[in-house]
Amino acid sequence: MTFSRNNIAGILVAIIAILGGLYLYFLGGTVVAIAEHKDAQSEIRDMTSSLAELELEYYNISSSLSTGAVAVNGFEQPNNRYFVARSVDSAVALITE
């Protein structure tokens with residue numbers, strides 16, 4: 001089978017077009033992945049900051065509680081404290097062989 005110059009040129013143009021399309025596809029995918037990574041990092045940073053603020057608020061509230069303030073709201077010290085006893089058989093142990 002013989003190929004003419006036009007056939008070879010057409011095949012080369014098609015191959016270059018396919019390779020160029022694949023290059024643009026993967027380049028676009030990489031750009032989108034980088035943008036999503038930046039957005040995810042920003043969201044993680046915002047959530048971490050929000051968590052730190054909530055922890056600080058919790059600490060401030062828990063440290064402001066006193067027996068007098070708790071008694072005003074109707075809470076009282078428990079007189080009878082009950083605890084659950086576990087048998088040794090129900091304990092979890094790591095077995096190494």
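Bear in mind that the values in this text are calculations on the coordinates, not laboratory data. Because the structure is predicted, anything quoted here is derived from the model rather than measured. Note: ideal-geometry Cβ built from the backbone for every residue, glycine included; neighbour counts use all protein chains shown.
Laid out as a table, the results:
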{"quantity": "Efficiency of FRET between Val72 and Leu51 - r from beta-carbon atoms, R0 35 angstrom, step 0.05", "calculated": "0.70"}
{"quantity": "Magnitude of the charge dipole, segment 5-90, Cβ model with Lys/Arg +1 and Asp/Glu -1, debye to 20", "calculated": "480 debye"}
{"quantity": "Vicinal HN-Hα couplings computed from phi for segment 56-66 (Karplus, 6.51 cos²θ - 1.76 cosθ + 1.60; Hz; Gly/Pro x)", "calculated": "5, 4, 4, 4, 5, 5, 5, 7, 7, 6, 9"}
{"quantity": "Phe3 paired with Leu22, simple spin-label distance in nm, labels 7 Å along Cα-to-beta-carbon", "calculated": "1.7 nm"}
{"quantity": "Residue among Phe83, Ser50, Asn6 farthest towards the positive dipole end of segment 5-90, charges placed on Cβ", "calculated": "Asn6"}
{"quantity": "Extension gain (nm, one decimal) between Asp39 and Val13, 0.36 nm per residue minus Cα-Cα", "calculated": "5.5 nm"}
